[in-house]
Amino acid sequence: MTSKEHSGGGSQLEELNGFTNPGLPEHKPRLSDSDPRAEKVAERQVAAWFILSMIGTIWFIVAYFLFTPGESMQSIRLHNMFVGLGAAVAMFSIGFGAVLWAKNLMSDHEGIDERHDIGGTEEDQAIALEILHQAKEESGIARRPLIRNTLIAALAIAPLPAVLVFRDLGPLPGDKLFNTLWEKGTRLIRDPGGIPSVDSERPIKADEVTIGSAYHVLPSGIGDHEASDHPINEKAKAAVLLMRIDPKELKEDPDRKDWSHDGIVAYSKICTHVGCPVALYEHQTHHLLCPCHQSTFDVTEHCKVIFGPAKRPLPQLPITVDSEGYLVAQSDFPEPVGPTFWEINHP
């Protein structure tokens, strides 16, 4: 409908393409529009929500330091729960307070905006300033210092949780992301699940690995607190899948011929696409499948990619046996584990 057709302010009925313009509905005043006490109560309710938002932000900061995640899953759950609770209260309260402000205190008169040509003339600029001035008056932000000040305070401290979260991204990790706990002579142990401990270590002998079997493997000593301050992170980087196939089926490169032992091969469990755990082994085809995006790797050819979005093979862990017949690593992975990003950024 054109501006000309709105010249009557919507009060008169006009015919347009066979339809009748009903005009604007009759305005129904709210209690807060006529009762100063109700208006004051509504204002305090809005301010209370903004104050609650500030409390949520402060609680986030307190919980961040009070419930420091440790090595137990319980401590991690408590940290996530209380930090998340603080963030939820802070964000929800700002939004709910703004909704109450708009519904109970801001002007709710329906109006018609006249269409005008797009341009940047002085007249248009004056109109824009008038609209802003009108919005300021209708919202009441200039004459409601309680709401204005509590909103400003809530918004001012709301980014503080983000500062703490981003703080955990630094300092830069150096080469920590390119190295794992695997080193020469480290025994391969079965993954005990959960937080590893020294008492739960079960080294693997070569004769225990049968053709067709697949083991989820970690480096010996991963449960030793002196080895790492973050055993869960180290476990994620060092996770390995150990399999044995007929040596005649292996198609090994000459320079990697000694990386396996009598058909036993070990590969990183971390998919080179986005880091999901590769844990599905097809014995008949000798394929490893990532359940997230179906990247498929051929174990017989150094886990090269034969299907899916992954761009490079799973890194192979060179292995051998020690004097007691236990499987041990010859070295760390020769390349970074995880998504392909690390390959193109590897020094």
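The values are calculated or read from the model by the stated rules, or taken from the named source; none is laboratory data. Quantities reported herein were computed from a predicted structural model and do not represent experimental measurements. Using ideal geometry, Cβ is built from the backbone for each residue, glycine included, and neighbour counts are taken over all protein chains shown. Ligands, DNA and RNA are excluded from the accessible area calculation, which covers all protein heavy atoms including side chains. Shrake-Rupley method; radii C 1.70, N 1.55, O 1.52, S 1.80 Å.
Observations, loosely collected:
- Spin-label model, Asp322 to Val99: label points 7 Å out along the Cα-to-beta-carbon direction sit 6.2 nm apart.
- Accessible area of Arg187 (1.4 Å probe, protein heavy atoms only, ligands and nucleic acids ignored): about 60 Å².
- Taking a sphere under 10 Å around the Cβ of Asn104 and counting the other residues whose Cβ falls inside, with K and R at +1 and D and E at -1, yields a net charge of -2.
- Taken about its Cα centre, segment 259-332 carries a charge dipole of about 420 debye when Lys and Arg each add +1 at the Cβ and Asp and Glu each add -1 at the Cβ.
- Loop-located GluC sites (Glu not before Pro) in segment 278-344 whose Cβ has at most 15 other Cβ within 10 Å (DSSP): Glu324
- At R0 = 30 Å, FRET efficiency that the Cβ-Cβ distance of Thr68 and Ala162 yields, to 0.05: 0.95
- Heavy-atom accessible area order for Ser323, Ser268, Ser213, Ser34, largest first, 1.4 Å probe: Ser323, Ser34, Ser213, Ser268
- The magnitude of the dipole of segment 33-117, with charges of +1 and -1 set on the Cβ of Lys/Arg and Asp/Glu and taken from the Cα centre, is near 600 debye.
- For the Cα trace of segment 241-347, dividing Rg by the Kirkwood Rh returns an Rg/Rh value of 0.96.
- Placing a pseudo-label 7 Å from each Cα along the Cα-to-Cβ vector at Lys184 and His283 gives an inter-label distance of 3.7 nm.
- Near Leu280, the amide H atoms lying under 5 Å from its own belong to Leu289; only residues 5 or more places off or on other chains count, and H is placed 1.01 Å from N.
- Linear extension gain, Asn149 paired with Asp258, 0.36 nm per residue minus alpha-carbon span: 32.2 nm
- If R0 is 30 Å, the Cβ-Cβ spacing of Thr121 and Met91 corresponds to a FRET efficiency of close to 0.15.
- Computed accessible area, Thr68, all protein chains, 1.4 angstrom probe, square angstrom: 90
- Two-site label geometry, Glu335 and Gln134: point separation in nm, points 7 Å out along Cα→Cβ: 6.4
- Dimensions of segment 232-277 based on its C-alpha atoms, expressed as ranges along the principal axes with the largest first, amount to 35, 18, 16 Å.
- Candidate cross-link partners of Lys304 among the lysines, defined by an alpha-carbon separation under 23 Å and a same-chain spacing of 8 or more, comprise Lys237, Lys248, Lys251, Lys257, Lys269.
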